[in-house]
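The values are calculated or read from the model by the stated rules, or taken from the named source; none is laboratory data. From a predicted model like this one, the values you see are computed outputs, not experimental measurements. Glycine also receives a Cβ, built like all others from the backbone with ideal geometry; neighbour counts cover every protein chain displayed.
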Amino acid sequence: MKRIILTLVMLISSVSLTFSQSETKNNNYPYSVGPFITMKGGVNAASVPQGIQNGFAINSMPDIGVTGYVPLTNTFPLGIAIDIAYSTYCYDNKLTGNNTLKWTSNAGYFTFGPNLYIGGFNIGFNFGIPLAMSLDKYKGQTWDVKSEQLASFLEFRLGGLIPVYSDNFGRLNILVQAGYFLTPQFKSDMIPSFYDDLNFHPASASLGISYLFNLIKK
């Protein structure tokens, strides 16, 4: 996961700098708002009991939400980007040495994510309220987990909101994002005390697009 995040940082930095310089011409973007959609994959970044392995999984449904942008200066692309979305986090677990005996965790949240935007580069946090979770087991079995068993989360996020086209009407962006749960996924009373350090901490990477409509003409 560290290699993925480092690669994302290098890619976002180089691409966002190029586009921000060519698109804004040393001017910031105006107040704007619009929808976004992303596809995401994830893995459990916490330790697991002996005999279990963590695995990467891709969400069956995209994340859908709205982004608002508030400029902080007039002469440089610096601002606050705020996301409100329905977000899903998934990951695989399997028995060691047996790829057929595995199960996929899918958890859905209502999320609110404030980010600092610097020339196409995003860094910030995401807050999530649990809505539902399911465990899709092998042989087509599914086990639903009550949302009351899940904890609200705080996630650190790093990524890019990279403009690829803009005019007076708005701008089209590529979204690249990596995230990591700073808080455990399950409530502490759902995990035996001797398993506290095994509580799940999802890490994810996503790719998508957004369109932000200008609320004020550039």
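Selection of strands (runs of 3 or more DSSP E) fully inside region 31-118 by the criterion of at least 2 residues being among the aromatic types (F, W, Y) and surrounded by fewer than 21 Cβ atoms within 10 Å (Cβ to Cβ) returns 98-118.
With the requirement that a residue be in a loop (DSSP other than H, G, I, E, B) and either over 23 Å from S204 (Cα atoms) or among the charged types (D, E, K, R) (or both), what does region 139-177 give you?
Within region 139-177, the first condition is being in a loop (DSSP other than H, G, I, E, B), and the residues that meet it are 141, 146, 151-152, 167-169.
Those that are in a loop (DSSP other than H, G, I, E, B) and either over 23 Å from S204 (Cα atoms) or among the charged types (D, E, K, R) (or both): Q141, K146, D167, N168, F169.
Out of K94, K146, K137, I need the residue that is over 22 Å from the mean Cα position of the chain (by Cα) and closer than 18 Å to P184 by Cβ. Which one?
K146
Specify the residue that is farthest from F121 (Cα to Cα); the eligible residues are those in region 165-182 that are among the hydrophobic types (A, V, I, L, M, F, W, C) and surrounded by 13 or more Cβ atoms within 10 Å (Cβ to Cβ). It comes out as F181.
Report yes if Q185 is crowded, with 20+ Cβ neighbours inside 10 Å, at pLDDT below 95 and on the phi < 0 side of the Ramachandran plot, otherwise no.
Details: crowded, with 20+ Cβ neighbours inside 10 Å: yes; at pLDDT below 95: yes; on the phi < 0 side of the Ramachandran plot: yes.
Against the criterion (crowded, with 20+ Cβ neighbours inside 10 Å, at pLDDT below 95 and on the phi < 0 side of the Ramachandran plot), Q185 qualifies.
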